Amino acid sequence: MGQTRLLTEHYDKPEFQKLDGYKKHGGYAVLPKALGMDPKAITEQVKASGLRGRGGAGFPTGTKWSFLPANGEPRYLLCNADEGEPGTFKDRLMMERAPHQLIEGMIISAFAIASKKSYIYVRGEYDYSKAVLRTALDEAYQAGYLGKNILGSGFDHDMDVYSGAGAYICGEETGMISSLEGLKGQPKLKPPFPAVKGYLRKPTIVNNVETLAAVKYIIRDGGAAYRKYGTEKSPGTKLFSVSGSVVKPGNIEVPLGMPLKDIIFDLCGGLKPGRKLKAVIPGGSSAPVLTADEAMKAAMDYECLAQMGSMLGSGAIIVIDDSHSMVDLLQVTLHFYHHESCGQCTPCREGTGWISKILHDIVAGHAETKDIDLVKKISEQMMGKTICALSDAAAMPAISFVTKFRSEFEQHIQAAKSASGGLHHA
Ligand code: SF4
């Protein structure tokens with residue numbers, strides 16, 4: 001069993017990073033076709049393809065584009081390249097191996113939504129990605145793929161790279177817009193949604209790197225052809241970042257709906273020698289964890305994972321073996337969310353800090369069994385009450401870890417008590 005390389009077909013060729021090499025493998029051949037189409041027909045093809053946002057939320061891309069008001073107001077396209085979800089490293093690969101693929105997809109998407117200006121908002125730590133993209137943008141301007149009257153079509157479009165400053169919350173679309181506006185990168189209440197009032201209070205579409213790159217292939221082959229891959233409700237291919245206890249970690253591209261066990265045991269070479277599967281986080285650190293039994297039954301598509309109480313998220317598969325402590329893992333996860341909470345909402349600000357402290361006490365051997373229940377109770381109070389989804393993103397793994405691996409938390413607390421002779425440390 002192999003990968004299905006639609007977007008990543010030429011990623012092994014170093015020349016694909018540069019304009020000449022990209023063109024040698026069909027690069028910028030779809031752009032003239034797209035610029036000759038009715039922009040509405042491009043959106044219709046994207047709708048027909050069933051493409052869903054690859055950043056985490058999985059919202060249908062064509063439908064999102066349709067939310068833009070019909071008037072002639074300036075509108076912006078914003079590429080979310082602030083890849084911060086722990087375990088995820090696919091967008092980085094796409095920007096560094098194939099910057100023109102993203103740029104071509106963005107020009108086509110910008111033409112479809114009548115946007116004259118776009119930004120690629122890149123995670124602050126991704127210095128090399130930014131450098132590669134800036135070189136590629138220079139090449140694209142010189143070749144006439146960006147700027148005024150692109151390829152004689154009458155369509156003008158400018159594109160820039162914008163650097164984030166290392167805050168996870170700027171990956172949330174309204175937080176990203178605030179940051180791009182020069183404000184503190186804090187999420188805003190929705191509605192209004194960015195498609196109505198976004199960057200500079202103008203209509204704005206925010207799409208992930210992988211989503212925008214896929215648009216090129218949908219226009220090249222047609223929306224129906226894209227549906228050849230994947231399942232009926234989750235069409236297309238998807239890049240997954242596989243990390244943890246597998247022999248061959250890395251990024252892979254496969255059709256949506258592939259069994260998780262095939263990804264782990266065939267494509268990624270199985271577990272490291274002598275190790276047994278304990279759990280899998282299927283969609284980045286926000287996704288509820290699956291037990292080994294659940295993972296063996298899971299298919300990597302939006303519907304199956306939702307039915308199992310988890311989610312596809314950003315496509316980061318974190319494989320956990322029997323040598324890892326679920327207590328330690330949850331503690332570092334909650335420490336991360338507490339650190340990254342922007343502090344606007346009380347349930348998120350206080351909840352992440354409180355749980356993080358309890359978990360720290362559990363790890364340090366200063367906790368009681370009832371503290372496990374407290375973690376769950378606090379987490380449940382953090383769900384669905386805040387401006388953005390970070391609060392839920394912290395609560396979901398906490399609930400799933402302490403529910404599915406409760407005995408491990410109990411054993412950890414008991415072992416620490418026995419070691420200290422039953423003394424409770426205040
Ligand atoms: Fe900030 Fe957390 Fe509220 Fe999101 S949920 S806006 S990160 S405090």
Considering only the range 177-200, state which residues are away from the ligand (no atom under 13 Å from the Cβ) and either basic (Lys, Arg) or not in a helix (DSSP H, G or I) (or both). GLU181, GLY182, LEU183, PRO191, PRO192, PHE193, PRO194, ALA195, VAL196, LYS197, GLY198
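One residue is enough: does the range 365-372 have a residue meeting the conditions part of a helix (DSSP H, G or I) and either within 16 Å of the ligand (Cβ to nearest atom) or of a type outside the set (A, V, I, L, M) (or both)? Before you say what the answer is, go through the steps one by one.
Residues of the range 365-372 part of a helix (DSSP H, G or I): 370-372.
Filter once more, keeping what is either within 16 Å of the ligand (Cβ to nearest atom) or of a type outside the set (A, V, I, L, M) (or both): 370-371.
Yes: one or more hits.
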Residue pairs, Cβ under 8 Å, 6 or more apart or interchain, first in the range 120-145 and within 16 Å of LYS23 (Cα to Cα) and touching a residue at least 12 places away in the same chain (Cβ under 8 Å), second among the aromatic types (Phe, Trp, Tyr) and surrounded by fewer than 21 Cβ atoms within 10 Å (Cβ to Cβ). List them. ALA143/TYR28; TYR145/TYR28
Checking the structure you have, find out if any residue of the range 395-412 is at pLDDT 95 or above, touching a Gly at 6+ places or on another chain (Cβ under 8 Å) and in a helix (DSSP H, G or I). yes
Pairs only if they're at least six apart or on different chains, beta carbon under 8 angstrom, first in the range 37-62 and over 27 Å from ALA389 (Cα atoms), second assigned to a loop (DSSP other than H, G, I, E, B) and among the charged types (D, E, K, R); list them, first residue then second. ALA48/ARG227; SER49/ARG227
With ASP361, ASP301 as the choices, which residue is surrounded by 21 or more Cβ atoms within 10 Å (Cβ to Cβ) and among the acidic types (Asp, Glu)? ASP301
Can you name the residue in the range 216-247 that is touching an Asp or Glu at 6+ places or on another chain (Cβ under 9 Å) and within 30 Å of ASN71 (Cβ to Cβ) and, of all such residues, is surrounded by the fewest Cβ atoms within 10 Å (Cβ to Cβ)? GLY223
Among (1) among the aliphatic types (A, V, I, L, M); (2) in contact with a Lys or Arg (Cβ under 8 Å, 6 or more places away or on another chain); (3) surrounded by fewer than 24 Cβ atoms within 10 Å (Cβ to Cβ), VAL196 falls short only on (2)
Candidates THR174, THR211, THR237, THR204 - the one that is within 15 Å of the ligand (Cβ to nearest atom) and among the polar types (S, T, N, Q): THR174
Against the condition within 16 Å of the ligand (Cβ to nearest atom) and β-branched (Val, Ile, Thr), how does ILE169 come out, does it pass? yes
Considering only the range 307-354, state which residues are within 13 Å of ASP392 (Cα to Cα), within 16 Å of the ligand (Cβ to nearest atom) and among the small types (Gly, Ala, Ser). SER341, GLY351
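It is to be established whether one or more residues within the range 148-159 are touching a residue at least 60 places away in the same chain (Cβ under 8 Å), within 15 Å of the ligand (Cβ to nearest atom) and part of a loop (DSSP other than H, G, I, E, B). Write out each step before concluding.
Pass one, the range 148-159, residues touching a residue at least 60 places away in the same chain (Cβ under 8 Å): 150-151, 153, 155.
Still in the running and within 15 Å of the ligand (Cβ to nearest atom): none.
Checking the range 148-159: not a single residue is touching a residue at least 60 places away in the same chain (Cβ under 8 Å), within 15 Å of the ligand (Cβ to nearest atom) and part of a loop (DSSP other than H, G, I, E, B).
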TYR162 vs. criteria without any contact (Cβ under 8 Å) to a residue 40 or more places away in the chain, more than 16 Å from the ligand (Cβ to nearest atom) and under 30 Å from ASP20 (Cα atoms): no
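Over 23 Å from THR291 (Cα atoms) and more than 16 Å from the ligand (Cβ to nearest atom): which single residue out of LYS357, LYS376, LYS385, LYS404 fits that description?
Residue meeting the stated conditions: LYS357.
The values are calculated or read from the model by the stated rules, or taken from the named source; none is laboratory data. Keep in mind the model is a prediction, meaning the values are calculated, not measured. Positions of Cβ are backbone-derived with ideal geometry, glycine not excepted, and every protein chain shown enters the neighbour counts.
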